[in-house]
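The values are calculated or read from the model by the stated rules, or taken from the named source; none is laboratory data. These numbers come from a predicted model, not from an experiment. Note that we place each Cβ from the backbone using ideal geometry, even for glycine, and neighbour counts take in every protein chain shown.
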Amino acid sequence: MSDNMYKPTPLLDRWIQENNVLVNKWKQQEGRGDSLSPDQNQSRRWWSSEFHKLLRKIQGVPPLADMQIELSVVYNACLYSIALSQASEAELLLTQTTERILQMTGDDPMASDPPVFWRIVLKSVENTALNASVLHLFCLQWAIWLATCRLNTIQELQEELSCLFEKLSAGDGDDMTSEARGKSSNTSLLVMDPIRLIELLQICTFIVQGAERLNEGRSSEALTDLQTASSLPAPRSLLAYSHLLSGSCLAHMSCPQMALQCFRKALETDSRCICALYKSMLIYRQLENTQAEIQALRLLHSTLMLPSATEPIVADTHLLSPSLLLRSQSVSSLLFVPSALSVLHSLALKCVLHRRVSDSVEYYLDLLAVLHSEHQHEVYAEVPSLPRLPELYLEAGAALLMARRPVDCVALCDEVISTTLELLPEKVVLEELEEKSEAETGAVCAEDKERVAMLLCTGAAYLLQGHCHIQMKDWKQAVTHYTRCINLLVNVRFKKKGFQPQIPSADMVDKQRTDLCILQRLKGLSLAGRGVSFTQTDQLKEALRDLQLSLQAFPECVAAGLWCGEVLWRLGRRREAAACWEKTWSFTTQSTAEIVPVYLQEPRSGPSLDSTELHNRIQDLGPP
């Protein structure tokens, strides 16, 4: 190409000037921070419109020998389109522009496969003055592939993309003289430095690639990608992400302590990386370090309540936000953080399960206060992981019972009963699970589950009220409420395929049937509670009947086993009593605290028996 082509015509001069005025105005606005204002997108749409107007003027004539200004304006217009999440519009513009280049160079643009097409384009301008400008457009294509989650295409062109930084840093293919490049009036400006764009694309690509490989179970390969990412020049938020995802890899590789170090490093790099707190909490949970888990939950909740927690995950400090380039499902799932309300619920539940009673009560009351607000329906729409309101009331009631606030617990249970009692079915038949199509079972199962859930919630509310009256030593009221629970449950039948419906028994409980498991547990606990209440009023025959029925429904019920032995002892059946106690003590003490709803756990308040005294009784009884 001759030097004559670099002598700008008046028309080219005017276009260069128009472009540069726009770029300089944008940079002034960006410097003042106006680009981060609430109407950011509206502002960007205006700039995008201006660059597209200029481009229509330039492309209104056949391709000129000097396309530098056209390619610069295309670069600027495309950047705004990508920033506005209009990737398809930007890609169409890139395709049209590269076809104009091939039209000018005389090369055949027949290839439809993106990698092949771009190799043709890059080769066609090699060793020409357009090379650098085309490489700038290639950077934008890379950004579009990232924004639209086409990692495979990026990997196909990995060799070409990895050379971009070196080529542009060395000014490869830029035949303009330093004198010509130095005259700003003859040089078209760009709204974002391509070198800075490449640095952003490199780290985002490594992060996305690492996330994909981690989700595929290729943790060690993912870790290599992410460690490479953490060594690159990049915004602090992205470096924090590389440390965070490195920690996720190490967690998958069963290196929890090393994972915790990475999560700590992520927080040190960028304190807004809230996900690192959440991941740390999960590691503490895995390690069964309850104290550290609760501390992490507290810190996570207080951080999520800060106004800054509502800001974008990756700060939008430049025209092209990193968040636009990290849209892959793999990255999103690894960066997931639950809502503040969901964390508050986890905190309340964890505290009540581990007997931090006063804290749990405070957290549950805070949670219920939010849910009582006028935005209750919106909250449930946004936080689908929360239990339904009746279940939350029951959990809070259990916490109040542990805190020895039985009157408050009774009031909460009354709320549950008043909202569920009218919805209770007269009879419920639980059918054996069968393999049916979703279309056959969907609506029916949903309706049945709802009816059963209402019945179990009401039963649990009566059960908790029975526990409250035992705590208050009001044995008559305790019997009344336990009886109400039992009367509800006798309406439930279980139907095995080919058989008539029958009263459920302990041997029918299946791990897959949580409703049946809860039913039997409710029945066992309410019968045990009523039996214990009868012992306090010396109604021993009634007590023995209920305690034995309790053990039939729920054989692992410790209170029923111990008190059944006590009643037998009082009735003079001492050998049977000793056998009953020994059998109860032989139960495997599996921790069900995390599995069973907190309101269905055996209460620790009320009358208790001294195990040492019972052992002494058995010893005094001597051998049979």
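Observations on the structure shown:
- Residues of the stretch 241-281 satisfying the condition of being without any contact (Cβ under 8 Å) to a residue 12 or more places away in the chain and closer than 21 Å to LEU347 by Cα: none
- When the criteria are applied in full, ARG356 fails the requirement of being in contact (Cβ under 8 Å) with a residue 40 or more places away in the chain, surrounded by fewer than 21 Cβ atoms within 10 Å (Cβ to Cβ) and either farther than 30 Å from SER308 by Cβ or assigned by TED's automatic domain parsing to the domain that holds ALA77 (or both).
- From ALA453, ALA461, residue being crowded, with 24+ Cβ neighbours inside 10 Å, assigned to a helix (DSSP H, G or I) and of a type in the set (Gly, Ala, Ser): ALA461
- Matching option when the condition is assigned by TED's automatic domain parsing to the domain that holds GLN42 and not in a helix (DSSP H, G or I), among ALA129, ALA90: ALA129
- Residue satisfying all of: in the stretch 567-586; within 19 Å of GLY606 (Cβ to Cβ) and crowded, with 22+ Cβ neighbours inside 10 Å; modelled with the highest pLDDT among these: VAL567
- Qualifying residue in the stretch 539-558 (condition: crowded, with 17+ Cβ neighbours inside 10 Å, touching a residue at least 40 places away in the same chain (Cβ under 8 Å), touching a Phe, Trp or Tyr at 6+ places or on another chain (Cβ under 7 Å) and within 25 Å of LYS476 (Cβ to Cβ)): no
- Taking the conditions (1) of a type in the set (S, T, N, Q); (2) out of contact with any helix residue (DSSP H, G or I) (no Cβ under 8 Å at 6 or more places or on another chain); (3) touching a residue at least 24 places away in the same chain (Cβ under 8 Å) in turn, GLN158 satisfies each one other than (3).
- Residue count for the stretch 213-240, restricted to those that are of a type in the set (Gly, Ala, Ser) and farther than 24 Å from SER271 by Cβ: 4.
- Flag if ALA234 is in contact (Cβ under 8 Å) with a residue 12 or more places away in the chain, in the same structural domain as TYR284 (by TED's automatic domain parsing), closer than 28 Å to ARG196 by Cα and not basic (Lys, Arg): yes
- Number of the condition not met by GLU216 [criteria: (1) touching a helix residue (DSSP H, G or I) at 6+ places or on another chain (Cβ under 7 Å); (2) modelled with pLDDT of 90 or more]: (1)
- So LYS265, is it on the phi < 0 side of the Ramachandran plot, in the same structural domain as ASP225 (by TED's automatic domain parsing) and in contact with a His (Cβ under 8 Å, 6 or more places away or on another chain): yes
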